[in-house]
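The values are calculated or read from the model by the stated rules, or taken from the named source; none is laboratory data. Since this is a predicted model, take the numbers as computed values, not measurements. All Cβ positions, glycine included, derive from the backbone under ideal geometry; neighbour counts span all protein chains shown. SASA here: full protein model, heavy atoms, side chains in, ligands and nucleic acids out. Shrake-Rupley method; radii C 1.70, N 1.55, O 1.52, S 1.80 Å.
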Amino acid sequence: MNQAIAVMDSGVGGLTVVKEILGQLPQEPVIYFGDTARAPYGSRDPEEVVRFTCEIADYLLRYQPKMIVLACNTATAVALEVIRSRVSLPVIGVIKPGARAAIKASSNGRIGVIGTEGTVRSGAYDEALREISPQLDIVSQACPELVPLVEAGDFRSSRVYDAVRRSLAPLKGRDRDCLILGCTHYPFLAGPIAEAMGHDVQLINSAEETVREIGAILSYHEKLARPADSRPKHRFLCSGDPVMFHRIAQAWLGDQLDENAFVGQVHSTC
Ligand code: DGL
């Protein structure tokens with residue numbers, strides 16, 4: 001039996017990373033935890049986000065995963081080192097991969113970052129970007145209106161377009177050639193975000209680079225799943241309404257969320 005990759009987020013946002021795992025590493029089973037009852041994390045105290053992330057990591061360890069992915073920028077910004085110090089498995093976040101992807105994509109070094117209040121306040125993207133390239137011109141913007149819309153399953157309504165336009169207004173005219181979607185919920189809103197920014201601004205979703213890193217780490221540890229005859233069995237757990245979670249997962253993952261996947265609800269404090 002192949003061990004799973006454990007993936008956590010405050011809600012449905014980490015499904016954007018799961019989708020990439022299913023594409024790049026289709027033989028890998030995934031155990032996902034979305035803390036939908038306590039989302040959004042972005043406006044919470046960092047100590048609270050650290051506590052929630054520790055509770056979820058402890059819960060996921062019961063499934064004996066082979067690695068833990070913090071598919072949440074807010075949790076990565078404040079809890080990555082704490083979780084690494086508590087578990088003996090590889091633990092990765094999404095911020096450094098997102099920063100790498102943006103630097104690869106940018107030709108003028110003028111990068112925009114959007115994220116939750118917690119992520120922007122932490123300065124984690126500035127740090128990750130400047131660690132690679134100190135001369136970058138970085139503008140960051142918190143967009144607290146967006147995550148609740150995604151959690152409500154609203155990706156395309158006029159309310160969404162209005163909220164995206166309002167949230168991104170401070171970035172307009174700032175001559176960015178790429179924009180890091182520094183919250184895993186934002187790829188759900190890629191259409192409205194692209195429309196608001198203009199199609200010459202490249203949107204950077206950290207999922208692709210994160211999953212490349214997952215593959216490299218598993219390969220290094222000789223832990224890549226062996227190809228099997230049947231598709232791997234995935235588990236999706238959330239702490240809030242499982243019907244809404246299932247609806248969003250189905251909309252986002254489509255056929256990849258097969259009847260083989262288990263979707264269930266677990267209490268917030270696990
Ligand atoms: N998806 C998360 C992130 O990447 C958290 C959003 C939230 O709960 O505020 O930051």
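Using the structure shown, decide if Glu81 is part of a helix (DSSP H, G or I), among the charged types (D, E, K, R), at pLDDT 95 or above and farther than 23 Å from Ser239 by Cα. Before you say what the answer is, go through the steps one by one.
Values: part of a helix (DSSP H, G or I): yes; among the charged types (D, E, K, R): yes; at pLDDT 95 or above: yes; farther than 23 Å from Ser239 by Cα: yes.
For Glu81, the condition - part of a helix (DSSP H, G or I), among the charged types (D, E, K, R), at pLDDT 95 or above and farther than 23 Å from Ser239 by Cα - is met.
Mind checking which residues of region 88-100 are open to solvent by 20 Å² or more (accessible area, probe 1.4 Å) and either touching a helix residue (DSSP H, G or I) at 6+ places or on another chain (Cβ under 7 Å) or within 15 Å of the ligand (Cβ to nearest atom) (or both)? Give the steps one after another, and end with the answer.
Restricting attention to region 88-100, the residues satisfying the condition of being open to solvent by 20 Å² or more (accessible area, probe 1.4 Å) are 88-90, 96, 100.
Across region 88-100, the qualifying residues are Pro90, Lys96, Arg100.
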ask   = Within region 44-60, which residues are assigned to a helix (DSSP H, G or I), in contact (Cβ under 8 Å) with a residue 12 or more places away in the chain, open to solvent by 20 Å² or more (accessible area, probe 1.4 Å) and farther than 17 Å from Gln265 by Cα?
value = Pro46, Val50
query = surrounded by 13 or more Cβ atoms within 10 Å (Cβ to Cβ) and over 23 Å from Leu89 (Cβ atoms): does that describe His246?
reply = yes
request  = Please find, among Glu222, Glu151, Glu195, Glu208, the residue that is within 16 Å of the ligand (Cβ to nearest atom) and open to solvent by 40 Å² or more (accessible area, probe 1.4 Å).
outcome  = Glu208
message = Of everything in region 61-81, what is more than 18 Å from the chain's Cα centre (by Cα) and either closer than 26 Å to Leu129 by Cβ or surrounded by fewer than 19 Cβ atoms within 10 Å (Cβ to Cβ) (or both)? Give them in sequence order.
response = Leu61, Arg62, Tyr63, Gln64
query = What tally of residues in region 189-233 results from selecting those that are touching a helix residue (DSSP H, G or I) at 6+ places or on another chain (Cβ under 9 Å), assigned to a helix (DSSP H, G or I) and closer than 20 Å to Val94 by Cβ?
reply = 11
request  = Only residues that are in contact with a helix residue (DSSP H, G or I) (Cβ under 7 Å, 6 or more places away or on another chain) and either surrounded by fewer than 17 Cβ atoms within 10 Å (Cβ to Cβ) or in a helix (DSSP H, G or I) (or both): list them for region 103-116, please.
outcome  = Ile103
remark   = From the option list Thr53, Thr16, single residue qualifying as closer than 20 Å to Leu181 by Cα, within 14 Å of the ligand (Cβ to nearest atom) and of a type in the set (S, T, N, Q) is Thr16
key: Residues satisfying the stated conditions in region 123-148, i.e. assigned to a loop (DSSP other than H, G, I, E, B) and either away from the ligand (no atom under 16 Å from the Cβ) or within 12 Å of Arg100 (Cα to Cα) (or both)   = Ser133, Pro134, Gln135, Leu136
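Report the residue count in region 112-140 for those that are under 19 Å from Asp177 (Cβ atoms) and within 19 Å of the chain's Cα centre (by Cα). Spell out the reasoning first.
To start, the set of residues in region 112-140 that are under 19 Å from Asp177 (Cβ atoms) comprises 112-115, 125-126, 128-130, 132-140.
This time we only want the ones that are within 19 Å of the chain's Cα centre (by Cα), so: 112-115, 125-126, 128-129, 140.
Matching residues across region 112-140 total 9.
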